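Have a look at the structure below before the remarks.
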Amino acid sequence: MMSNRVIVTSVVVLFAFLAISEGMSLRSLGVELHCRCIQTESKPIGRHIEKVELIPANSHCQATEIIATLKKTRQEVCLDPNAPWVKKVIQKIMSSGRR
């Protein structure tokens, strides 16, 4: 029985660590909250991005959320919508008509 407790505790600690990681999206952990992003990444990571999802503010979340999927790991990273490089990426996407 003690080993089950250790396993459960380890899993809880792992999820807690992942949830507080910088720029981590809780959706990638299978958890849905009102807002999907708990923290945002402001450092330039543009060359590592495969796909960007823009979620406008709505009744469930007052913040505009920008979620990028990374090329190699497929990890979802929440981007800071106020970071200058993120604004440029969004402007480029909007002007090219890609969604």
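In the range 46-67, how many residues are modelled with pLDDT of 90 or more and either surrounded by fewer than 12 Cβ atoms within 10 Å (Cβ to Cβ) or closer than 15 Å to N82 by Cα (or both)? Counting residues in the range 46-67 that are modelled with pLDDT of 90 or more and either surrounded by fewer than 12 Cβ atoms within 10 Å (Cβ to Cβ) or closer than 15 Å to N82 by Cα (or both) gives 4. Given the structure, is H34 at pLDDT 80 or above and in a loop (DSSP other than H, G, I, E, B)? When the stated conditions are applied, H34 does not pass them.
The values are calculated or read from the model by the stated rules, or taken from the named source; none is laboratory data. Computed from a predicted structure; not experimentally measured. Using ideal geometry, Cβ is built from the backbone for each residue, glycine included, and neighbour counts are taken over all protein chains shown.
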